[in-house]
Amino acid sequence: MATTTLRPLTGFRPDLRMEKKLLKGGVVRLAAMDEVGRGALAGPVTVGVVIVTASVGRVPQGLRDSKLLSAARREALVTPIRRWAPQHGVGHATADEIDTVGIMRALRLAGERALALAGDYDAVLLDGNHNWLTPPATLFEFDLDGETGSGGDEVPPARTDAPVHLRIKADLSCATVAAASVLAKTERDRIMTELGPEHPEFGFDINKGYGTPEHKDALRRLGPSAVHRRSWRLGLS
């Protein structure tokens, strides 16, 4: 995949200017992606994607980067986002997969799974300044035998023909990336909330697997659970 990096816009209300520029420039189906959970100590890393075309409608009211919204507001936006972008998907890579292949390969796995659910695309818009979706040419790829760790779905092969456009702070300026971040955040939060009763001592329903002082204290006292990223520095020393 060819990669370009685009300059960020200022402000906190995302719009479709970047998307429309790409769609007018020859892109037919633009896949906008964002990830959540990269820095967590437990649980999956999750990638959301929405695919839009030149016929994309008005941005859902109140849409922002998921980090700027309350949990209730994020949940309220899920249905409007799905209606606005009928082609969408959320993919995960488990803590075990992160331990096995590393966080960057796990991000690609989650992204590939999200794209497989969303459908056809011919260009990608990614938040940030690093293209984690395209495997380096010299990277040794681990064979996970198609197992996702959460149902045994097949892992689709990574595409190499679609250009990737990077935009710093795209979750703030690009409505599609903000939408992808909301879908990813709400689904990952739901997973962590459901894990809460199974591991009540870690408070996953509150901290969502991130390294809060209470979470780190529980780790020091009890050691990691089955859903912690055991290859990471978990603050046990």
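The values are calculated or read from the model by the stated rules, or taken from the named source; none is laboratory data. The structure presented is a predicted model; accordingly, all values stated were derived computationally and were not measured. Using ideal geometry, Cβ is built from the backbone for each residue, glycine included, and neighbour counts are taken over all protein chains shown.
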Inset, instruction - Tell me which residues, restricted to the stretch 212-231, are basic (Lys, Arg) and out of contact with any Gly (no Cβ under 9 Å at 6 or more places or on another chain). - result: 221, 230
Legend entry - Complete set of residues in the stretch 15-58 that are without any contact (Cβ under 8 Å) to a residue 24 or more places away in the chain and small (Gly, Ala, Ser): 25, 26, 55
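Name the residue, out of 100, 134, that is at pLDDT 95 or above and farther than 20 Å from residue 189 by Cα. Working first, answer last.
Working: 134 fails: at pLDDT 95 or above.
Testing whether each residue is at pLDDT 95 or above and farther than 20 Å from residue 189 by Cα leaves just 100.
Going through the stretch 187-211 one residue at a time, which ones are touching a Gly at 6+ places or on another chain (Cβ under 9 Å) and either over 17 Å from residue 36 (Cβ atoms) or among the β-branched types (Val, Ile, Thr) (or both)?
Kept after step one, since they are touching a Gly at 6+ places or on another chain (Cβ under 9 Å), are these residues of the stretch 187-211: 187-188, 191-192, 195-196, 202-206, 208-211.
If the condition is that a residue be touching a Gly at 6+ places or on another chain (Cβ under 9 Å) and either over 17 Å from residue 36 (Cβ atoms) or among the β-branched types (Val, Ile, Thr) (or both), then 191, 196, 202, 203, 206 are the ones that fit.
Whether any residue in the stretch 11-21 is farther than 22 Å from residue 168 by Cα and touching a Lys or Arg at 6+ places or on another chain (Cβ under 8 Å) is what I want to check.
Here is the first cut: in the stretch 11-21, the residues farther than 22 Å from residue 168 by Cα are none.
Taking every residue of the stretch 11-21 in turn, none turns out to be farther than 22 Å from residue 168 by Cα and touching a Lys or Arg at 6+ places or on another chain (Cβ under 8 Å).
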Legend entry - Among residues of the stretch 85-96, those that are part of a helix (DSSP H, G or I) and in contact with a Lys or Arg (Cβ under 8 Å, 6 or more places away or on another chain), counted: 1
Legend entry - Test result for residue 76, without any contact (Cβ under 8 Å) to a residue 24 or more places away in the chain and not in a loop (DSSP other than H, G, I, E, B): yes
Legend entry - Those residues of the stretch 42-60 which are more than 15 Å from residue 85 (Cβ to Cβ) and out of contact with any strand residue (DSSP E or B) (no Cβ under 6 Å at 6 or more places or on another chain), in sequence order: 43
Legend entry - Scan of the stretch 75-84 for residues that are farther than 15 Å from residue 34 by Cα and surrounded by 20 or more Cβ atoms within 10 Å (Cβ to Cβ), ordered by number: 77, 84
Legend entry - Of the criteria (1) over 20 Å from residue 27 (Cα atoms); (2) in contact (Cβ under 8 Å) with a residue 60 or more places away in the chain; (3) not in a helix (DSSP H, G or I), which one residue 110 fails: (3)
Inset, instruction - Quick one: which residue in 63, 23 is modelled with pLDDT of 95 or more and buried (at least 20 other Cβ atoms within 10 Å of the Cβ)? - result: 63
Inset, instruction - Within the stretch 42-72, track down each residue that is closer than 15 Å to residue 180 by Cα, in a loop (DSSP other than H, G, I, E, B) and hydrophobic (A, V, I, L, M, F, W, C). - result: 56, 59, 63, 69
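Table: residues versus (1) at pLDDT below 95; (2) among the charged types (D, E, K, R).
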site: 157; (1), (2): yes, no
site: 160; (1), (2): yes, no
site: 175; (1), (2): no, no
site: 195; (1), (2): no, no
site: 201; (1), (2): no, yes
